[in-house]
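K.L.:
Sharing a structure, written as structure tokens. Questions coming.
The values are calculated or read from the model by the stated rules, or taken from the named source; none is laboratory data. These numbers come from a predicted model, not from an experiment. To get the accessible areas, we keep the full protein, side chains included, count just its heavy atoms, and leave off ligands, DNA and RNA. Shrake-Rupley method; radii C 1.70, N 1.55, O 1.52, S 1.80 Å.
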Amino acid sequence: MRNIILLGAPGSGKGTQSEHLVKQFGFTHLSTGNIIRDNINQKTPSGLLCQQYSEQGKLVPDDLMIEMVEQHLQTISGDLIWDGFPRTITQAAKLDQLLQKLNSKIDHTLYFEIDERKLFDRIVGRLTCPTCGRTYHRTAFPPKVEWVCDDDQTPLVQRKDDSEEKIKIRLATYQNDTVPLVQYYLNQQVLTVIDADMEGYAVWDQIMAVLK
Ligand code: AP5
Ligand code: MG
């Protein structure tokens, strides 16, 4: 079991690159943002607890998030892409413990470094498929038919937390709680910096160079 963490700011391209990794190499995608949104849509008890945090751009509390990840792990297998988890030092320490129990480890942490000014355009331009979760961008990665998913023809939507006001909160949360993980994984000698400023498939090429 291989474990690749995608670490980076909101809108830095973690979900987009995860989709490529799943399609090209059959990785299993573990996105805590998707798990949370699925639970909210299905109105599960955990979803109801998460909603107030995630739709405001704040982090879901560590205990709840870790419990949801542990439950989800029991339903999946294979090589994992960790997209959006861990996001705090507490979560990172817990992940180390979990993987140790499974006789596994983190193989790579890909840190998506990006100029903050680019993030607003990327997030505000994002369109998401509510059925399959695929993401598009109005200008950079547009769907073939405007506002319609290429894969399942579902009308595309904008995420509730993709407003300018919520993006500011998400970026501040990222700086405060998640940026310390860069040093954490540097210390573990598993961190590789990916230049996520690049447009289109140039980011994918860098990831290929690391995973080949
Ligand atoms: P989550 O869903 O993980 O959101 P996020 O981290 O804010 O990241 P995004 O999904 O917004 O961005 P992304 O990096 O995936 O970018 P994307 O590929 O879509 O989390 C949502 C919320 O859930 C959190 O705020 C929190 O409340 C909660 N949560 C989640 N995990 C948690 C945890 N561990 N603990 C506690 N709470 C948690 O790309 C963005 C746009 O840019 C797209 O339109 C895309 O098409 C475009 N794009 C991407 N790459 C390029 C490129 N190279 N060139 C041009 N355009 C590009
Ligand atoms: Mg995402």
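K.L.:
Quick one: grab Rg to one decimal and Dmax as a whole number for region 112-161, Cα atoms only, in Å.
P.N.:
Final numbers for Rg and Dmax: 11.4, 33 Å.
K.L.:
Running a GNM on the chain with Cα contacts under 10 Å, which residue among Glu19, Glu164, Glu199 ends up with the highest mean-square fluctuation?
P.N.:
Glu199
K.L.:
Running Debye on region 77-140 with equal point scatterers at the Cα sites and no solvent, what base-10 log of I(q)/I(0) appears at q = 0.19, 0.26 Å⁻¹?
P.N.:
The Debye formula, applied to the Cα set alone, gives -0.94, -1.14.
K.L.:
Can I ask one more? Helix-only estimate, please: 222 nm mean residue ellipticity of the chain, summing -39500 (n - 2.57) across DSSP H runs of length 4 or more and dividing by its residues, to the nearest 500.
P.N.:
-13000 deg cm²/dmol
K.L.:
Can you compute log10 of I(q)/I(0) for region 125-212 with the Debye formula, treating each Cα as one identical point scatterer, at q = 0.19 Å⁻¹?
P.N.:
Scattering profile of region 125-212, log10 relative to I(0): -1.08.
K.L.:
Over the chain, with a single point scatterer placed on each C-alpha, what log10 of the ratio I(q)/I(0) does the Debye formula yield at q = 0.13, 0.14, 0.16 1/Å?
P.N.:
-0.72, -0.86, -1.17
K.L.:
Considering only protein heavy atoms and a 1.4 Å probe, what is the carbon-and-sulfur percentage of the accessible area of the chain?
P.N.:
The value for the chain is 50 percent carbon and sulfur by accessible area.
K.L.:
Below 8 Å, C-alpha to C-alpha, sequence gap of six or more: please give me the relative contact order for the chain in percent.
P.N.:
Computed over the chain, the figure is 29 percent.
K.L.:
Can you sort Leu59, Leu95 by 1.4 Å-probe accessible area, starting with the largest?
P.N.:
Leu59, Leu95
K.L.:
Could you sort Lys101, Lys212, Lys14, Lys94 by their accessible area in this structure, using a 1.4 Å probe and putting the largest first?
P.N.:
Lys212, Lys101, Lys94, Lys14
K.L.:
In 10 Å bins starting at 0, how do the alpha-carbon pair distances of region 78-183 split up by percent?
P.N.:
Result returned by the calculation: 12, 33, 32, 20, 2.
K.L.:
Further question on the same structure: Which whole-number percent is the relative contact order of region 103-160 (Cα, under 8 Å, 6+ apart)?
P.N.:
Worked out over region 103-160, it gives 28 percent.
K.L.:
Protein chains only, probe 1.4 Å: how do Lys105, Lys160 rank by accessible area, largest first?
P.N.:
The ranking, largest first, comes out as Lys160, Lys105.
K.L.:
To continue, here is another question. List the pair-distance distribution P(r) of region 36-125, using every Cα-Cα distance, as the percent of pairs falling in each 5 Å bin from 0 up to the bin containing the longest distance, rounded to whole percents.
P.N.:
2, 10, 19, 22, 19, 16, 10, 2, 0
K.L.:
Under the definition of Cα pairs under 8 Å and six or more residues apart, what whole-number percent is the relative contact order of region 58-160?
P.N.:
So the answer I get is 16 percent.
K.L.:
Once you have the Cα-Cα distance between Thr131 and Leu186, take 0.36 nm times their residue separation minus that, and quote the gain in nm to one decimal.
P.N.:
Difference between extended and current length: 16.1 nm.
K.L.:
Using 29 Å as the Cα-Cα cut-off, could you pick out the over-long pairs in Lys14/Lys94; Lys166/Lys212; Lys14/Lys168; Lys105/Lys168; Lys14/Lys166; Lys23/Lys166?
P.N.:
In this structure, Lys166/Lys212; Lys105/Lys168; Lys23/Lys166 lie more than 29 Å apart at Cα.
K.L.:
Roughly how many Å² is the accessible area per residue of region 87-212, as a whole number, for a 1.4 Å probe?
P.N.:
Heavy-atom SASA per residue in region 87-212 reads 57 Å².
K.L.:
Want the number for Gln175 to Leu48: 0.36 nm per residue separation, take away the alpha-carbon distance, what's left?
P.N.:
Gain on stretching Gln175 to Leu48: 43.1 nm.
K.L.:
Find how many whole Å separate the alpha carbon centroid of region 1-35 from the alpha carbon centroid of region 103-173.
P.N.:
12
K.L.:
Right, something else. Between Rg and the Kirkwood Rh of region 1-75, both from Cα atoms, what is the Rg to Rh ratio?
P.N.:
Rg/Rh for region 1-75 comes to 0.97.
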